[in-house]
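Chemist: So that we are looking at the same thing, I have put the structure below in structure tokens.
The values are calculated or read from the model by the stated rules, or taken from the named source; none is laboratory data. Remember, it's a predicted structure, so these values are computed and weren't measured experimentally. Reconstructed Cβ throughout: ideal geometry from the backbone, glycine too, with neighbour counts over all protein chains shown. Side chains are part of the model used for accessible areas, which takes the heavy atoms of the whole protein and leaves out ligands, DNA and RNA. Shrake-Rupley method; radii C 1.70, N 1.55, O 1.52, S 1.80 Å.
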Amino acid sequence: MIGVQELITKVGDRWIPNLSSKAVIPYSATFDIQNPLPVHINAVGVPTPPYPITWPRLNLEGGMEAGELVFEDATDTTALADWNVLFTDSNRRYMNFPCHVRTICGTAQLPGIIRQPLWGPGSQRLETTLIKNAGAAVDVRMYFNGLAYSMRPGDQYKWVRERRNKAIWAANFCHPYWLTIDQNVELGASITENNFDIKIGENLELFSVAAVSDFDFAYEVSEPTLGQTIMNGKIAASAGIGDARYPTIFDTPLLLPVGSRLRITLDNLAASRNRVFITFQGRKLLVPLKDVPPSIWDIDTLYPPPSSWRIQKEGRKS
Amino acid sequence: MPIAPYIIPNSIARPNGIGAGKPVAQTRRRITPNFLGVNAPNNSFTVPANGVSDILTVGVNGGGPVQVSGMSASSTAEALVMMWINDGNRQVDMFNQDLHIGAVFGDNLRPYRLPETLMVDELRRIKIKATNISADDNTFHFCFRTAKNDNIVQDPEGQLCSKRLDNKQRITYPFLYGIDGGAVTLTASGVSENTVTIYEDWHFWLRQLSYFSTGDFLIDVIDSNTGESILNSRGDVHYPNRNTLWVGSNIFPFRLHYPRLYRAGQKLKVRLTDISGDINVVHLAFGGTHISRRMWREVE
């Protein structure tokens with residue numbers, strides 16, 4: 001986060017604007033299209049061509065740090081949107097499978113926070129695949145919100161340059177990642193003990209979980225290879241899991257090393273069929289755990305640190 | 001009287017930071033997020049109209065300890081909840097009486113953040129009882145959000161954390177007070193004088209307030225020893241504040257900018273005035289930290 005001291009400077013008795021603030025501006029990035037939004041998503045079963053997003057290159061040293069996701073679904077209304085999203089670029093995949101939009105994107109007042117900001121180098125493209133999971137075709141809007149850099153090589157904007165360099169450096173070691181079940185889950189009426197396993201192919205650190213469903217359900221998350229569970233039993237979604245706007249933020253990050261397996265057990269608490277979408281948000285660690293630089297682990301570098309983690313930090317002061 | 005530190009040690013991290021001097025990944029493996037439900041089948045139970053549930057248990061199965069930071073629940077009707085902490089040797093209250101579920105439990109989106117984290121392990125468990133105050137069946141689900149410190153036998157550091165937490169919880173733990181006698185029923189535009197009596201064995205550090213009511217009201221909280229209002233300066237002139245400005249809800253409790261200490265056995269006067277123009281049932285919850293009186297004597 002940017003502090004006030006970085007935006008104004010005291011000269012003598014006066015405070016003057018810090019000109020370096022011109023080198024970084026708030027920015028919202030959306031699809032590269034010729035016409036104004038919205039974009040169109042075809043009905044279930046009819047593929048929609050991917051929509052690219054090009055990260056801004058406002059100057060020679062550009063790029064963007066995306067920290068929020070927002071969306072609107074004009075047809076179904078935001079609260080009933082039923083489509084999935086998959087982010088990829090030329091050499092990275094940011095999700096294991098397409099995630100339900102209401103588990104990753106929020107609205108203007110309550111955006112979906114990306115706790116490890118997504119660094120987008122200037123002019124590089126992010127492919128966005130949009131897939132309806134139910135119902136007819138819809139028109140939608142979606143934005144990444146964050147900071148865009150606008151510097152030339154000779155500019156002396158020290159803190160901006162340091163921040164940009166840090167974002168580029170951190171992107172070598174980790175990037176945001178969303179983890180979801182590898183299929184559309186539809187639970188039969190009052191069905192219990194549905195197990196869904198997700199193989200963890202690379203080191204992941206998860207920060208929160210969010211879900212949307214037709215009706216209430218109970219869930220349990222465990223790691224069967226180690227016999228580790230993060231619950232003492234099944235927790236009802238109506239008491240224990242939020243959505244993208246208010247995700248269930250873990251009290252401490254959950255580290256899943258390569259080779260582990262995440263098992264999600266679902267019970268349908270309704271007497272009718274129940275579609276369930278669960279998404280974990282976190283980051284993928286791109287190097288072996290022993291090679292991760294210490295500052296990458298520093299939870300204060302996240303955007304923004306959850307309040308419960310701040311409690312831990314306060315506790316350390318005493 | 002010594003001044004105790006504002007920040008109470010409530011972290012399972014070592015004082016000099018998570019992972020300091022040791023691979024962080026190893027620490028991350030030991031401290032994991034954890035969620036606790038009650039021991040009812042599937043964490044779900046139904047209480048008939050105006051009935052009372054069995055006393056249910058919340059605990060960890062192996063490993064631990066965990067630190068509970070947030071509480072959330074869903075219920076299909078209004079209810080009162082009572083909680084205790086039981087470590088096998090002794091049982092202490094977590095509430096001074098049954099409190100309204102809508103004042104002290106958040107929902108799935110925004111849990112009620114405890115004023116201080118609460119330690120639970122295999123031996124130390126939360127007991128919980130729900131009283132249905134509606135005329136219909138009431139189905140409950142509970143969820144406690146925690147961080148779990150896996151106590152590995154070969155890990156002296158983990159054992160040290162566990163010991164430190166165990167010691168700390170004998171000195172302080174989170175506590176919630178309701179008004180003596182339970183809910184207050186105000187007549188239309190009526191005024192009611194009430195008290196909150198602090199336990200004899202514990203000092204209380206007030207940190208946050210929340211409420212559930214059927215209408216808006218004015219509130220003033222007065223220290224019965226000094227006559228001083230928590231809302232105003234010294235003297236007899238107290239201007240009460242409106243519930244919507246000063247008392248938060250279960251999902252967003254009003255957090256005091258600095259905790260206020262009330263000594264063991266002290267009484268708080270709580271003056272409530274209805275402004276809804278109708279009969280108004282008010283449930284209040286004063287959240288804070290219980291501090292062992294014995295510890296303070298030792299310090300003195």
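Chemist: Give me the accessible area per residue for the protein assembly as shown, probe 1.4 Å, as a whole number in Å².
Modeler: Here the residues of the protein assembly as shown average 42 Å² of exposed surface.
Chemist: Can you list which of the trypsin sites (Lys or Arg not before Pro) found in the range B:40-149 are DSSP loop residues with at most 12 other C-beta atoms within 10 Å?
Modeler: Qualifying residues, ordered by number: B:Arg90.
Chemist: Taking the range B:155-213, which GluC sites (Glu not before Pro) meet the DSSP loop condition and have no more than 16 other C-beta atoms within 10 Å?
Modeler: B:Glu200
Chemist: What is the sum of charges, Lys and Arg at +1 and Asp and Glu at -1, for the other residues whose Cβ falls under 12 Å from the Cβ of A:Val138?
Modeler: Result for the local shell: -3.
Chemist: Ignoring GluC sites (Glu not before Pro) that are buried or in helix or strand per DSSP, and keeping those with at most 16 other beta carbon atoms within 10 Å, what is the longest stretch of chain A between them?
Modeler: So the longest stretch without any such site is A:1-192.
Chemist: Put one equal scatterer on each alpha carbon of the range A:140-298, apply the Debye formula with no solvent term, and list log10 I(q)/I(0) at q = 0.09, 0.12, 0.18 1/Å to two decimals.
Modeler: Reported log10 I(q)/I(0), two decimals: -0.40, -0.64, -1.14.
Chemist: Interface size between chain B and chain A, please: total buried accessible area, 1.4 Å probe, rounded to the nearest 100 Å².
Modeler: For B against A, buried area totals roughly 3600 Å².
Chemist: While we're here: Where does helix A:158-171 land angle-wise versus the long Cα axis of chain A, in degrees 0 to 90, nearest 10?
Modeler: Here the helix axis deviates by roughly 30 degrees.
Chemist: Can you tell me which of A:Leu262, A:Leu110, A:Leu226 moves the most in a GNM of chain A? Springs connect C-alpha atoms under 10 Å apart.
Modeler: Among A:Leu262, A:Leu110, A:Leu226, the largest mean-square fluctuation in the Gaussian network model of chain A belongs to A:Leu226.
Chemist: Quantify how much of the Cα-Cα distance distribution of the range B:68-222 extends past 19 Å, in percent.
Modeler: Roughly 61 percent, rounded to a whole number.
Chemist: Restricting to Cα pairs below 8 Å that are 6+ residues apart, what does the relative contact order work out to for chain A? Please round to a whole percent.
Modeler: Result for chain A is 22 percent.
Chemist: Sticking with this one: For the range A:1-139, taking Cα atoms only, what is the radius of gyration to one decimal and the Dmax to the nearest whole Å?
Modeler: 18.3, 66
Chemist: For A:Ile114, which sequence-distant residues (separation of 5 or more, or a different chain) have an amide H within less than 5 Å of its own amide H, given hydrogens modelled in the peptide plane?
Modeler: Here the answer is A:Glu68, A:Leu69, since their amide H atoms fall under 5 Å of that of A:Ile114.
Chemist: In addition: Which of the residue pairs A:Lys199/A:Lys234; B:Lys129/B:Lys163; A:Lys158/A:Lys284; A:Lys234/B:Lys148; A:Lys234/A:Lys290; B:Lys127/B:Lys163 have a Cα-Cα distance greater than 26 Å in the structure shown?
Modeler: Where the Cα-Cα span goes over 26 Å, the pairs concerned are B:Lys129/B:Lys163; A:Lys158/A:Lys284; A:Lys234/A:Lys290.
Chemist: Please compute, for the alpha-carbon atoms of chain A, the extent along each of the three principal axes and give them in descending order in Å.
Modeler: 71, 56, 36
Chemist: Using the alpha-carbon centroid of each, what span in Å lies between the range B:165-192 and the range A:40-68?
Modeler: Here the two parts' Cα centres lie 51 Å apart.
Chemist: Shifting gears a bit: Mind pulling the angle between the C-alpha long axis of helix A:307-317 and the longest principal axis of chain A? Nearest 10 degrees, somewhere in 0 to 90.
Modeler: Approximately 60 degrees, to the nearest ten.
Chemist: Pairs of Cα atoms under 8 Å, at least six residues apart: use those to get the relative contact order of the range A:145-242, whole percent.
Modeler: 18 percent
Chemist: Moving to a separate point now. Could you list log10 I(q)/I(0) for the range A:89-161 at q = 0.13, 0.16, 0.21, 0.23 Å⁻¹, which the Debye formula gives when each Cα is one point scatterer?
Modeler: With one equal scatterer per Cα and no solvent, log10 I(q)/I(0) is -0.57, -0.81, -1.20, -1.34.
Chemist: When only C-alpha pairs under 8 Å and at least 6 residues apart count, what is the relative contact order of the range A:43-170, in percent?
Modeler: Relative contact order comes out at 44 percent.
Chemist: Gap in Å between the Cα centre of the range A:131-182 and the Cα centre of the range B:105-153?
Modeler: 36 Å
Chemist: Treating the Cα atoms of the protein assembly as shown as identical point scatterers in vacuum, please give the log10 of the normalised Debye intensity I(q)/I(0) at q = 0.12 Å⁻¹, two decimals.
Modeler: -1.33
Chemist: Under 5 Å between amide hydrogens, which residues at least 5 positions from B:Thr214 or on another chain qualify, with H placed 1.01 Å from N in the peptide plane?
Modeler: B:Val281
Chemist: On to the next question. Please check: in the Gaussian network model of chain A (C-alpha springs, under 10 Å), which one of A:Leu37, A:Leu206, A:Leu266 has the largest mean-square fluctuation.
Modeler: Comparing A:Leu37, A:Leu206, A:Leu266 in a Gaussian network model of chain A, the most mobile one is A:Leu37.
Chemist: I've got another one for you. Give the separation of the Cα centroids, the range B:195-215 to the range A:254-288, in Å.
Modeler: Here the answer is 39 Å between Cα centres.
Chemist: Right, here's the next one. Would you mind checking the radius of gyration and Dmax of the range A:69-129 based on alpha-carbon positions, in Å?
Modeler: Rg and Dmax of the range A:69-129, Cα atoms, are 12.5, 34 Å.
Chemist: Okay, moving on. Apply the Karplus curve 6.51 cos²θ - 1.76 cosθ + 1.60, θ = phi - 60°, to the phi angles in the range B:30-43 and return the couplings in whole Hz, x for Gly and Pro.
Modeler: Each residue of the range B:30-43 in turn: 7, 9, 10, x, 8, 10, 10, x, 7, 7, 5, x, 6, 6 Hz.
Chemist: Can you work out D for the range A:153-235 in µm² s⁻¹ from Stokes-Einstein, where Rh is the Kirkwood radius over C-alpha pairs, the temperature is 10 °C and the viscosity is 1.306 mPa s?
Modeler: Estimated diffusion coefficient is 93 µm²/s.
Chemist: Report ³J(HN,Hα) in whole Hz for each residue of the range A:52-59, in order, from the Karplus equation J = 6.51 cos²θ - 1.76 cosθ + 1.60 where θ = phi - 60°; Gly and Pro get x.
Modeler: These are the phi-based 3J(HN,Hα) values: x, 10, 9, 5, x, 10, 6, 8 Hz.
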